[in-house]
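**Q** Here you go, one structure.
The values are calculated or read from the model by the stated rules, or taken from the named source; none is laboratory data. Everything quoted here is computed from the prediction, not taken from an experiment. When we count neighbours, we look across all protein chains shown, and the Cβ atoms used for this are built from the backbone with ideal geometry, even at glycine.
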Amino acid sequence: MRPPDKARHGGDVIASVLTRWKIPCLFTLVGGHISPILVGAKDAGIRVIDCRDEKNAVFAADAVARMTGLPGIAAVTAGPGVTNTLTAMKNAQLAQSPVVLFGGATATVLKGRGALQDIDQMALIHSSVKWAARCSTVGQLEPLVERALKEATSGIPGPVFVEVPVDVLYPEKIVREWFMKESGVENAKTLGQRALKVYLTGHLYRQFHVPHVDVAGALPDVKLPRLRLESQLDEAVAMVRNADRPAIVIGSQTMVNCTDPGPLANAVEKLGIPTWLGGVARGLLGRHSPVQFRHARGKALKDADVVVVCGFPFDFRMKYGMGFGKNTRVIAANLSAEELRKNRKPELALQMHAADFLIKLAEKIDSQPNRSTWIEACRKREEARDAEITSKAKSDGELIDPIYFFQRMEEKLAHDSVLIADGGDFVATAAYVLKPRKPLSWLDPGVFGTLGVGGGFAVGAAAVRPKAEVWIIWGDGSSAYSLAEFDTFVRCGMAPIAVIGNDASWAQIARDQVTILGSDVACTLRRSDYHKVAEGYGGVGLLLTDPKKVDEVLDQAKALSKQGKPVCINVHISKTDFREGSISI
């Protein structure tokens, strides 16, 4: 690693900070504005992975943040490079993922003068990030990058944006030559030319040689007073210990900045309370656990006398806080003071990291009443729902029944599988059947419900778990957003398996649109040859239309993936009413 004082250019300075943070990789779509960042990162031993769309570079960084507990890093060029990331940055913001995006920009002296790709990027991205800053001098670069990483991971984690102009990134000699040539003052003769040359010379000196003075100050400390927090923890212990029918709901925020999920999983198992996992928390307890439940959460929350809600806001997924019984007492732990009380005021609200809360709760509770009757009631509902789902599966027919397909896939998933959910009806069906094997192995967009995360998430997952079996679960609609990342898979030696549920329809929308409004306008697609598209990018395409060949094709895909080949299975699925009336708007 080259220290900042020996840096050739601003990209080396950025790389030195990322290296101190042990950042493993950086995602990008190359552009002239940011080339020094990419070269500096590569020279520092940071893997640079170039995607086919800027938003997928951010989705990949988001996946790294969720799976490693380290901030995910992306760099994109100015103008349209930055604007292309807005959806992915907003998705990371709502998912509370610590992502740092470096955006290129025109030279500082050309700002607002009509340079190529020069727009007010800060104004556009401000509402989609936790924090944003513009770098204007080389001396400012190192502390600004350090601050960005801290902002992304501290408090309530989230994405941040750092704008870095080209004349802060490139070597001083090159920038000086550019300035003098472009301004026409290399051989200044007139008084105006000489004045401009003097101005530019002074500007360059300030950019490259004036030390940075930090006026931003330290990050604010938002921790609760220790005595108050201890008192609340004791109150929570008493509520849980005395409950006859407690339940726990664990959401994605519980897993943020998580580098070791082991202590949290052990704490939940020790508590022995019926637990439902959502979002990134899926997989925390592995495939099977005596305290893990996947179905009938709504019924359980109605029946429970105490519910512990961890890192999960009272939003539409929790019926806006109204999905509890009349006499249910709610304990909530969340990093966000706003989310703790939005739509519902819990009986006990702890503003702290939800994982820390559960670990402390398990440490403090030494004994609990026998709850075998309550657990058995939850277990019976779980088994009844599983039996109902199985009864709807069809192993024969002209096309592939999606429930049957996922039941077969469930039996074949490797112990290190990573599951990436990107779609509507087909993907939601998968969520009822597939069981993540390990913590931090389930990736979905989160509360924003963004279509198109699949390709980018898979790039990020394969980058940090190169030996894992990575699966993308795509609907035929959502697959088109990022199918081009098969090119990235091939170039970077990645071998995920993509499964596309092809019913020639935006089925989740069509089902209710036709029923309510009597029209399928804009909902119809074709049973396109998506597997051939993947082949065109260098992957392997498999077409599956015969139910009798499901096992054979899945086995073939797994074998090809082990050989280092990315695979796309185009599964022609039959129509189903399994999720009728389940649209969320």
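**Q** Which pairs do you get when a residue that is assigned by TED's automatic domain parsing to the domain that holds ALA304, found in the range 267-280, comes within reach of a residue that is surrounded by 24 or more Cβ atoms within 10 Å (Cβ to Cβ) and aromatic (Phe, Trp, Tyr), reach meaning Cβ atoms under 9 angstrom, with the pair 6+ apart or on two chains?
**A** Short answer, once both residue conditions are applied: LEU277/TRP442; GLY278/PHE312; GLY279/PHE312; GLY279/TRP442; VAL280/TRP442.
**Q** With a cut-off of at least 3 residues that are touching a helix residue (DSSP H, G or I) at 6+ places or on another chain (Cβ under 8 Å) and surrounded by 19 or more Cβ atoms within 10 Å (Cβ to Cβ), name the strands (runs of 3 or more DSSP E) lying wholly within the range 253-338. Break it down into steps so the answer makes sense when it comes.
**A** Numbers: elements: 275-277, 306-310, 329-334.
The strands (runs of 3 or more DSSP E) meeting that bar are 306-310, 329-334.
**Q** From the list THR83, THR68, THR77, which one is in contact (Cβ under 8 Å) with a residue 40 or more places away in the chain, touching a helix residue (DSSP H, G or I) at 6+ places or on another chain (Cβ under 9 Å), of a type in the set (Ser, Thr, Tyr) and surrounded by fewer than 20 Cβ atoms within 10 Å (Cβ to Cβ)?
**A** Details: THR68 fails: surrounded by fewer than 20 Cβ atoms within 10 Å (Cβ to Cβ); THR77 fails: surrounded by fewer than 20 Cβ atoms within 10 Å (Cβ to Cβ).
THR83 is the lone residue from the list that is in contact (Cβ under 8 Å) with a residue 40 or more places away in the chain, touching a helix residue (DSSP H, G or I) at 6+ places or on another chain (Cβ under 9 Å), of a type in the set (Ser, Thr, Tyr) and surrounded by fewer than 20 Cβ atoms within 10 Å (Cβ to Cβ).
**Q** Restricting to the range 524-548, and then to whatever is touching a residue at least 24 places away in the same chain (Cβ under 8 Å) and β-branched (Val, Ile, Thr), can you tell me which residue is surrounded by the most Cβ atoms within 10 Å (Cβ to Cβ)?
**A** VAL540
**Q** Looking at this structure, is LYS364 basic (Lys, Arg), touching a helix residue (DSSP H, G or I) at 6+ places or on another chain (Cβ under 8 Å) and in the same structural domain as LEU233 (by TED's automatic domain parsing)? Walk me through how you get there before you give the answer.
**A** On the way: basic (Lys, Arg): yes; touching a helix residue (DSSP H, G or I) at 6+ places or on another chain (Cβ under 8 Å): yes; in the same structural domain as LEU233 (by TED's automatic domain parsing): yes.
Judged against the criteria, LYS364 is a match.
**Q** Any residue in the range 502-523 that is crowded, with 18+ Cβ neighbours inside 10 Å and over 18 Å from PRO402 (Cα atoms)? Spell out how you get there, then give the answer.
**A** Here is the first cut: in the range 502-523, the ones crowded, with 18+ Cβ neighbours inside 10 Å are 502-503, 505-508, 510-511.
From what is left, the residues that are over 18 Å from PRO402 (Cα atoms) are none.
No, the range 502-523 contains no residue that is crowded, with 18+ Cβ neighbours inside 10 Å and over 18 Å from PRO402 (Cα atoms).
**Q** Of the conditions (1) in contact with a Lys or Arg (Cβ under 9 Å, 6 or more places away or on another chain); (2) of a type in the set (A, V, I, L, M); (3) assigned to a strand (DSSP E or B), LEU542 satisfies every one except a single condition; which number is it?
**A** Unmet condition: (1).
**Q** If you don't mind, there's one more thing I want to ask. Going by the conditions given, is ALA428 touching a residue at least 24 places away in the same chain (Cβ under 8 Å) and under 19 Å from ALA507 (Cβ atoms)? Reasoning before the result, please.
**A** Values: touching a residue at least 24 places away in the same chain (Cβ under 8 Å): yes; under 19 Å from ALA507 (Cβ atoms): yes.
It is true that ALA428 is touching a residue at least 24 places away in the same chain (Cβ under 8 Å) and under 19 Å from ALA507 (Cβ atoms).
**Q** Determine whether ILE403 is in a helix (DSSP H, G or I) and under 22 Å from ALA238 (Cβ atoms).
**A** On the way: in a helix (DSSP H, G or I): yes; under 22 Å from ALA238 (Cβ atoms): no.
It is false that ILE403 is in a helix (DSSP H, G or I) and under 22 Å from ALA238 (Cβ atoms).
**Q** Where residues in the range 380-421 are among the hydroxyl-bearing types (Ser, Thr, Tyr) and loosely packed, with under 15 Cβ neighbours inside 10 Å, which of them is farthest from VAL550 (Cα to Cα)? Spell out how you get there, then give the answer.
**A** Residues of the range 380-421 that are among the hydroxyl-bearing types (Ser, Thr, Tyr), as a first pass: 390-391, 395, 404, 417.
Among the residues that remain, those that are also loosely packed, with under 15 Cβ neighbours inside 10 Å are: 390-391, 395.
Values: THR390: 17, SER391: 18, SER395: 9 Å.
Among those that are among the hydroxyl-bearing types (Ser, Thr, Tyr) and loosely packed, with under 15 Cβ neighbours inside 10 Å, it is SER391.
**Q** Follow-up question, since we're still on this one. What number of residues within the range 455-476 are more than 22 Å from PRO71 (Cβ to Cβ), crowded, with 24+ Cβ neighbours inside 10 Å and not aromatic (Phe, Trp, Tyr)? Steps first, please.
**A** Of the residues in the range 455-476, the ones more than 22 Å from PRO71 (Cβ to Cβ) are 467, 469, 471-476.
Next, from what is left, pick out any that are crowded, with 24+ Cβ neighbours inside 10 Å: 471-476.
Next, only the ones that are not aromatic (Phe, Trp, Tyr) stay: 472-473, 475-476.
Counting residues in the range 455-476 that are more than 22 Å from PRO71 (Cβ to Cβ), crowded, with 24+ Cβ neighbours inside 10 Å and not aromatic (Phe, Trp, Tyr) gives 4.
**Q** Also, quick follow-up: Within the range 26-63, work out how many residues are part of a strand (DSSP E or B) and within 16 Å of ILE14 (Cα to Cα). Let's see the steps before the verdict.
**A** If we filter the range 26-63 for residues that are part of a strand (DSSP E or B), which is where we start, we get 26-29, 47-50.
In the following step, the residues that additionally are within 16 Å of ILE14 (Cα to Cα) were identified as 26-28, 47-48.
So the answer is 5.
**Q** Also, quick follow-up: Restricting attention to the range 391-400, which residues are out of contact with any Pro (no Cβ under 8 Å at 6 or more places or on another chain) and either in a loop (DSSP other than H, G, I, E, B) or at pLDDT 95 or above (or both)? It would help to see each step written out before you state the result.
**A** First pass over the range 391-400, keeping only residues out of contact with any Pro (no Cβ under 8 Å at 6 or more places or on another chain): 391-393, 398.
Selection gives ALA393, GLU398.
Each row is one residue, and each column tells you yes or no for (1) in a helix (DSSP H, G or I); (2) of a type in the set (A, V, I, L, M).
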site	(1), (2)
VAL499	no, yes
GLN513	yes, no
ILE516	yes, yes
SER519	no, no
LYS548	yes, no
ASP555	yes, no
LYS558	yes, no
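**Q** Just to verify a result, which residue in the range 109-135, among those that are in contact with a Lys or Arg (Cβ under 9 Å, 6 or more places away or on another chain) and over 18 Å from SER154 (Cα atoms), is modelled with the lowest pLDDT? Full working, then the answer.
**A** First, the residues of the range 109-135 that are in contact with a Lys or Arg (Cβ under 9 Å, 6 or more places away or on another chain): 118, 121-122, 127-129, 131, 133.
When the remaining residues are screened for being over 18 Å from SER154 (Cα atoms), the result is 118, 121-122, 127.
On the way: ASP118: 68, GLN121: 83, MET122: 87, SER127: 93.
Result: ASP118.
**Q** Among the residues in the range 45-54, are any crowded, with 19+ Cβ neighbours inside 10 Å and within 20 Å of SER128 (Cα to Cα)?
**A** Taking every residue of the range 45-54 in turn, at least one turns out to be crowded, with 19+ Cβ neighbours inside 10 Å and within 20 Å of SER128 (Cα to Cα).
**Q** Would you check which residues across the range 363-378 are touching a residue at least 40 places away in the same chain (Cβ under 8 Å) and either assigned to a helix (DSSP H, G or I) or of a type in the set (Val, Ile, Thr) (or both) and list them?
**A** Restricting attention to the range 363-378, the residues satisfying the condition of being touching a residue at least 40 places away in the same chain (Cβ under 8 Å) are 363-365, 367-369, 371, 374-375, 377-378.
Hits for the range 363-378 are GLU363, LYS364, ILE365, TRP374, ILE375, ALA377, CYS378.
**Q** Which ones in the range 119-139 are more than 13 Å from VAL164 (Cβ to Cβ), of a type in the set (A, V, I, L, M, F, W, C) and either touching a Phe, Trp or Tyr at 6+ places or on another chain (Cβ under 9 Å) or outside the structural domain of THR106 (by TED's automatic domain parsing) (or both)? Give the steps one after another, and end with the answer.
**A** Going residue by residue through the range 119-139, those that are more than 13 Å from VAL164 (Cβ to Cβ) are 119-120, 123-131, 139.
Then keep just the ones that are of a type in the set (A, V, I, L, M, F, W, C); that gives 119, 123-125, 129, 131.
The answer is ILE125, VAL129, TRP131.
**Q** For PRO346, work out the one condition from (1) farther than 21 Å from LEU229 by Cβ; (2) part of a loop (DSSP other than H, G, I, E, B); (3) not hydrophobic (A, V, I, L, M, F, W, C) it doesn't fulfil.
**A** Evaluating PRO346 over (1) farther than 21 Å from LEU229 by Cβ; (2) part of a loop (DSSP other than H, G, I, E, B); (3) not hydrophobic (A, V, I, L, M, F, W, C) leaves (1) as the failure.
**Q** So for the range 176-189 (the condition being aromatic (Phe, Trp, Tyr) and either modelled with pLDDT of 65 or more or buried (at least 18 other Cβ atoms within 10 Å of the Cβ) (or both)), does at least one residue qualify? Walk me through how you get there before you give the answer.
**A** First, the residues of the range 176-189 that are aromatic (Phe, Trp, Tyr): 178-179.
Those still in the list that are either modelled with pLDDT of 65 or more or buried (at least 18 other Cβ atoms within 10 Å of the Cβ) (or both) too: 178-179.
Yes, the range 176-189 contains at least one residue that is aromatic (Phe, Trp, Tyr) and either modelled with pLDDT of 65 or more or buried (at least 18 other Cβ atoms within 10 Å of the Cβ) (or both).
**Q** Give me the pairs, please: first residue somewhere in the range 239-250 and in the same structural domain as ALA354 (by TED's automatic domain parsing), second residue anywhere and polar (S, T, N, Q) and assigned to a strand (DSSP E or B), beta-carbon distance under 8 Å, and either six or more positions apart or on two chains.
**A** Within 8 Å, the pairs are ALA247/THR275; ILE248/THR275; VAL249/THR275; ILE250/THR275.
One line per residue, one yes/no per condition, for (1) among the polar types (S, T, N, Q); (2) part of a helix (DSSP H, G or I); (3) at pLDDT 95 or above:
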{"residue": "PHE448", "(1), (2), (3)": "no, no, no"}
{"residue": "GLY455", "(1), (2), (3)": "no, yes, yes"}
{"residue": "VAL459", "(1), (2), (3)": "no, yes, yes"}
{"residue": "ALA463", "(1), (2), (3)": "no, yes, yes"}
{"residue": "TRP474", "(1), (2), (3)": "no, no, yes"}
{"residue": "SER482", "(1), (2), (3)": "yes, yes, yes"}
{"residue": "PHE486", "(1), (2), (3)": "no, yes, yes"}
{"residue": "VAL490", "(1), (2), (3)": "no, yes, yes"}
